[in-house]
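Worksheet: the structure to be examined is printed underneath.
None of the figures in this text is laboratory data; all of them are computed from the coordinates on show. Everything numeric in this text was worked out from a predicted model, so none of it was measured. Every residue, glycine among them, receives a Cβ derived from its backbone with ideal geometry; neighbour counts consider all protein chains shown.
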Amino acid sequence: MANLLLIDDDTALIPEQVRQAFPAPTHRVEIARTGAEGLERVREGSPDVILLDLRLPDMSGMDVYLQIRRDDARIPVIFITMAKGADAAIEAMKQGAFDYLFKPLDLRQLRRVVGEALEVAERMRKPVVVAEPTSSADVEGAIVGSCPEMREVYKAIGRVSGQDVPVLITGESGTGKEMVARAIYQHGPRARGPFLVLNCAAIPENLLESELFGHEKGAFTGADRRRIGKFEQVNGGTLFLDEIGDMPLTLQAKMLRVLQDQQFERVGGNETIKTDVRLIAATHRDLKTWSTEGKFRPDLYYRLGVFTIHLPPLRERADDLTMLVDHYVKHFSRELGRDVVAVDPEVLDRLRAYSWPGNIRELQSIIKQALLQSSGPVLLPSFLPELVDGAAEKAATASAPSEGALELESFIDERLNAEARDLYDEVHSQLDRYLLTRVLEYTKGNQHQAARLLGIARQTLRTKLRELGLHVTHAIESNDDSL
């Protein structure tokens, strides 16, 4: 159950809107009419997310926020305000507030922003622990594994978590890099501060700089107000930059300055902003090779690589597979309402023979699919989805292009003959249409899972679907919002 606290002296409309957007029993909404009452509720039991009015009868919303931040900076606070200028709300963002919304509330926007805040709150509060082999199935948020390579990872987390230095986490996609970053954060000196995550590969190049550093009003077309970036918002806390290898070269120089001097300028601004942020970065790329090839700045690589933790791929963790399967079968059985308590030995044999190109993330997906097909207390081989090894699949498809590739090739030929002028944008649109359709077919319309596979935010996925005129006809999870 998600616990929301609304601090607002409105006695009817706003509380009713919030309760409508977040109904029981999946959510609990508490109401505080004054700033003092709100602070008392926070101290009695930390809510997951706080909605805070800027104007309260006994004190300003800003004063309430600053006290909340002193008590527990991990609680995401979303301001709600009538003032369209929002100068105070922007100031709150500079102090680390999560976001701000305008009255009257847009329920769709409210659900999106609060949903994102709940995800951030879970990352900060859900403990990351190393599970023992005998108890791993009962541990939430556990890093599971006892092979020699994983024991080295645990040692590295212990060595660096107490040191306020940058950390670079390397490893293939799906190996659990974010979980390691959260473990470093939770065991470090900034554990009471905020923790934010940004996937550099999921944000268009022209927007990534603004997302990181913010922008001034009028900095570019569409910049109708000042934006506070992640480096300013997470001041005093920890910022995890996933897939930093995909950061454009033009932006890497600014990143280097932040790491060296802890200061930057917003896009379109001249004011030097000072910050105090611990950076943890992750990538599936070989940054050392990329730096020698000119694809990544060597000086930034050396600055990031002061301390590096490498996560092994699942195919190199054969000794851990039984433990991992046991953990996820029991964990997802509870989640999906199944009563599976044992795994047939042939299931383990098939899983051990697979190469796991998607690593832990793919294993979780396979276990979930098998459990959804299961009946009875034993997970049988017949419940497993088809496991097509990457090497075999490449060999089978190398001789002939896919249907999607043929369609794209035909489209390009047609537009070339027509002497197109916007071919780059047109091809990317066609590619997005094909890719999003294929991924949503694979996830059976589950937008949350599709966004995770694509490595983008759900809101970005929804925006792309609207732009392409695509409609989702089926979703297997009830919490997967429709368009």
#### Entry: region 238-317 versus region 165-205: alpha-carbon centroid distance in Å
12
### Summary
Non-local residues with an amide H under 5 Å from the amide H of Ile143, with H modelled 1.01 Å from N and Pro and chain starts lacking one, are Val129, Val130, Ala131
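Among Ser429, Ser173, what is the fewest-to-most ranking by other Cβ atoms within 10 Å?
Ser429, Ser173
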### Query
Once amide H atoms are built 1.01 Å from N in the peptide plane, which residues 5 or more positions from Ala223, or in another chain, come under 5 Å H to H?
Gly218
### For the chain, size of Cβ-based charge dipole, Lys and Arg +1, Asp and Glu -1, in debye
980
### Message
Quick check on the chain: helices-only [θ] at 222 nm, where DSSP H runs of length 4 and up contribute -39,500 (n - 2.57) each and the sum goes over total residues. Nearest 500, please.
### Response
-14000 deg cm²/dmol
### Message
Please compute the contact order of the chain in relative form: average sequence separation of alpha-carbon pairs under 8 Å and at least six residues apart, divided by the residue count, as a percent.
### Response
11
### Task
Take a quick pass over region 148-310 and tell me how many lysine pairs come in under 26 angstrom between Cα atoms, counting only ones 8 or more apart or on separate chains.
15
#### Entry: Within the chain, longest stretch free of exposed GluC sites (Glu not before Pro) [DSSP loop, at most 13 other beta carbons within 10 Å]
1-139
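Provide Lys274, Lys254, Lys94 in ascending order of the number of other Cβ atoms located within 10 Å of each residue's Cβ, fewest first.
Arranged by neighbour count, lowest to highest, Lys274, Lys254, Lys94 become Lys274, Lys94, Lys254.
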### Query
Quick one: putting +1 on the C-beta of Lys and Arg, -1 on the C-beta of Asp and Glu, what dipole do you get for region 2-122 around its Cα centre, in Debye to the nearest 20?
240
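Only Lys, Arg, Asp and Glu count, each charged at its Cβ (+1, +1, -1, -1), so figure out the dipole size of region 148-310 about its Cα centre, rounded to 20 debye.
420
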### Task
With the convex hull built on the Cα atoms of region 21-76, state its orientation-averaged projected area in nm².
4.0
### Task
Would you mind computing, in nm to one decimal, how far apart the modelled labels at Ala223 and His428 are, each placed 7 Å from Cα along Cα→Cβ?
2.0
### Summary
Under the Karplus relation with 6.51, -1.76 and 1.60 and θ = phi - 60°, whole-Hz ³J(HN,Hα) for region 236-247, x at Gly and Pro, equal x, x, 10, 10, 9, 9, 7, 6, 5, x, 8, 6
## Note on the structure
Diffing region 40-53: the Karplus 3J(HN,Hα) column from phi (6.51, -1.76, 1.60, θ = phi - 60°), in whole Hz with x for Gly and Pro, holds 5, 5, 5, 6, 5, x, 4, x, 6, 9, 10, 9, 10, 6
### Task
Among Met247, Gln430, Ile280, flag the residue with its Cα farthest along the positive direction of the charge dipole of the chain, charges on Cβ as +1 for Lys/Arg and -1 for Asp/Glu.
Ile280
### Query
Amide H neighbours of Phe296 under 5 Å, counting only residues 5+ apart in sequence or on other chains, H built in-plane at 1.01 Å?
Ser291
